[in-house]
1. Looking at segment 15-64, which of the residues that are of a type in the set (A, V, I, L, M, F, W, C) and in a loop (DSSP other than H, G, I, E, B) is most open to solvent (accessible area, probe 1.4 Å)?
2. Among the listed residues I20, I33, identify the single one that is at pLDDT 95 or above and in contact with a helix residue (DSSP H, G or I) (Cβ under 6 Å, 6 or more places away or on another chain).
Amino acid sequence: SQNNQARPTSDLSVSEAYKILGIKKGARKEEVIKAANSLQRRVHTDVSGNPNSEYLSKLVNSAKDLILKTDFS
């Protein structure tokens, strides 16, 4: 069985990262960061009460980092 706490995005593609953040490819760097921060506030454990919030938070961070590394470095 696969544990969701393990590296959530080792195979994440750039297009998937954009979908996770809810933005389109070509978005400005500021939009990527704003989208990630907004999602982080929504999935945070203290706000969502979702038992998967740690995994979701890692997923959002990985998506943001992948986009910034791929499209802005």
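1. Narrowing segment 15-64 to residues of a type in the set (A, V, I, L, M, F, W, C): 17, 20-21, 23, 27, 32-33, 35-36, 39, 43, 47, 56, 59-60, 63.
Right, trim to in a loop (DSSP other than H, G, I, E, B) and you get 23, 27.
On the way: I23: 36, A27: 15 Å².
Looking at residues that are of a type in the set (A, V, I, L, M, F, W, C) and in a loop (DSSP other than H, G, I, E, B), I get I23.
2. Numbers: I33 fails: in contact with a helix residue (DSSP H, G or I) (Cβ under 6 Å, 6 or more places away or on another chain).
Unique residue meeting the criteria: I20.
The values are calculated or read from the model by the stated rules, or taken from the named source; none is laboratory data. None of the values given here were measured: they were computed from a predicted structure. Note: ideal-geometry Cβ built from the backbone for every residue, glycine included; neighbour counts use all protein chains shown. Ligands, DNA and RNA are stripped out before the accessible areas are found, and what is left, the full protein with its side chains, is counted by its heavy atoms. Shrake-Rupley method; radii C 1.70, N 1.55, O 1.52, S 1.80 Å.
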